[in-house]
Amino acid sequence: MLNKRAATDARHSRSGKDAMIYDGSGNALAQADSFTSTASFNNNNYNPLGQNRDLEVNNTVGVKITIDEIVVLDGWLFNQLMSAIANGESPVLTVSGVIEGRNGSQERVVYRECIFSGDSDIQKVETGDVLKRQFSLHCNGNIENKQQLSI
């Protein structure tokens, strides 16, 4: 076997049961069914004279957060969304995502100065399915990698 690194050992892989998302006060958003954060790099293209290739240089990066929530009660995110609609301005939110390792280590990423962006569900009803709401946020502040997983 050529790859002998323990980091690729499937025994150390994690699943959704090993993760949680928290609000800025450290309260678990326990109704969350899924949580996704993505970085989108927006580069500028240029083509210098004498070359037939397009080149790119880094311009901006945006971070989007999507949270799917099971409808059990009108939770923190729903109340923040309704407040934003009523006031015409998004509240500034802090959320953190945590993944727990088998050895007690954690990956903890804090997303600061998040605001609602794009579409977020108020009510989404489908026959024969668990009711869920999806919230979309854009992170305007610093993203901090507070802790890292280890094995």
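In the range 20-38, what count of residues is obtained for those that are among the aliphatic types (A, V, I, L, M), part of a loop (DSSP other than H, G, I, E, B) and touching a residue at least 40 places away in the same chain (Cβ under 8 Å)?
Here the count works out to 1.
Just need a number here: residues in the range 43-89 that are exposed (fewer than 10 other Cβ atoms within 10 Å of the Cβ) and either on the phi < 0 side of the Ramachandran plot or of a type in the set (Lys, Arg) (or both).
Number satisfying all stated conditions: 13.
How many residues does the range 134-151 contain that are assigned to a loop (DSSP other than H, G, I, E, B) and under 11 Å from the mean Cα position of the chain (by Cα)?
0
Just one of (1) closer than 23 Å to Arg102 by Cβ; (2) crowded, with 16+ Cβ neighbours inside 10 Å; (3) free of Cβ contacts under 8 Å to residues at least 40 places away in the same chain trips up Lys17, so point out which.
Here Lys17 meets the rest and fails (2).
If I filter the range 93-103 for residues that are on the phi < 0 side of the Ramachandran plot, surrounded by 18 or more Cβ atoms within 10 Å (Cβ to Cβ), out of contact with any helix residue (DSSP H, G or I) (no Cβ under 6 Å at 6 or more places or on another chain) and not in a strand (DSSP E or B), do I get at least one hit?
There is no residue in the range 93-103 that is on the phi < 0 side of the Ramachandran plot, surrounded by 18 or more Cβ atoms within 10 Å (Cβ to Cβ), out of contact with any helix residue (DSSP H, G or I) (no Cβ under 6 Å at 6 or more places or on another chain) and not in a strand (DSSP E or B).
Laboratory data are not the source of any read-out in this text; all were calculated from the coordinates shown. Small disclaimer: the values here were computed from a predicted structure and weren't measured. Positions of Cβ are generated from backbone atoms using ideal geometry, with glycine treated the same way; all protein chains shown enter the neighbour counts.
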